[in-house]
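Following: one structure in structure tokens, then a few remarks.
Laboratory data are not the source of any read-out in this text; all were calculated from the coordinates shown. These figures come from a predicted structure and were not determined experimentally. Positions of Cβ are backbone-derived with ideal geometry, glycine not excepted, and every protein chain shown enters the neighbour counts.
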Amino acid sequence: MGSSTVPASSKLLFNPVPDTERATAVRRRIRRAVQLGFLSTGDRLPSESEMANAFGVAAGAVREALAALRSEGIVTTRRGRSGGTFIVGIPGFRIDEVKKDLAAMSMAELRDLSDELTAIARASADLAAERAYEDDIDKLRRLAAVFADTAEPTAQAMADSRFHVELTAMSQSSRLTQAQLRLQSEFAELLWCSGTVDAAREARDHAAIIDAVAQGRSGRAGDAVAVHIRAALRTIVEFKLSLLPEVA
């Protein structure tokens, strides 16, 4: 099996993690990246020391995270000159873990996440409408087609996330792309674990976004993305409410 290094855009995933439970945070960051298609089978991760520096953690936390990922069959470590740690499996969503996280989030925290994502995604879409090349738009259309052609939720989640990250990359801003990767991975996990995503609506939203970008309609592109995120937020809120204990 051939191998490749982590794509340049996905390298932006490697930034500091929260202070608490750092090994767990590193594991989840990498796990989400694979689930959502930011890292692909065959990609080689940076070295332990590089990841420790990028995540802002001790090397021991990275080793602990990689050990957990190896036990799940997500990565393998090969020795030798061409060795390293490689992605070898795509994990499913840990729905119970996500439900626990979502139940612990307040509505204010959820709204804050959505507001930050909307601000980044709106700015990115508007810049994409101004800066995208025809080849970029063609790639966006292909990603939208991949989403429309699959009915499997994990594959849909990957295609949807790749669509949005590619859209942000078209803004030609590494800072916006880094923020989008961080926020998209968290938001998408909550959305796709709901099990109630309206795939037809998602596909229509993708088409509206592409049309606005292709026509160079800055403003309209951002509005289309904002509408898309608001609809996703409603799905997540309904998911959160479904987790509340029933009152007798």
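Over the chain, the alpha carbon radius of gyration divided by the compact-protein estimate 2.2 N^0.38 Å works out to 1.02. Could I have the simple spin-label model distance between residue 50 and residue 81, label points 7 Å from Cα toward Cβ, reported in nm to one decimal? With each label placed 7 Å out from Cα toward Cβ, I get 1.9 nm. In this structure, the amide hydrogen of residue 43, modeled 1.01 Å from its nitrogen in the peptide plane, lies closer than 5 angstrom to those of 4, 87, counting only residues at least 5 positions away or on a different chain.
Considering only DSSP states other than H, G, I, E and B, which trypsin sites (Lys or Arg not before Pro) in segment 185-248 qualify as loop sites with at most 10 other Cβ atoms within 10 Å? Write out the running numbers ahead of the final one.
Details: sites: 201, 204, 217, 220, 230, 234, 240; in loops: 217.
For trypsin sites (Lys or Arg not before Pro) across segment 185-248 that sit outside H, G, I, E and B with at most 10 neighbouring Cβ atoms in 10 Å, the list is empty.
Highest mean first, what order results for 139-147, 82-90 on Cβ atoms within 10 Å? Present the calculation step by step, with values, prior to reporting the outcome.
On the way: 139-147: 18.0, 82-90: 15.8.
Descending packing order for the listed peptides: 139-147, 82-90.
For a test of the definition: using alpha carbon positions, the gyration tensor, and the 1.5 limit on a/c, classify segment 173-227 as rounded, prolate or oblate.
Numbers: a/c = 3.02, a/b = 1.19, b/c = 2.54.
Verdict is oblate for segment 173-227.
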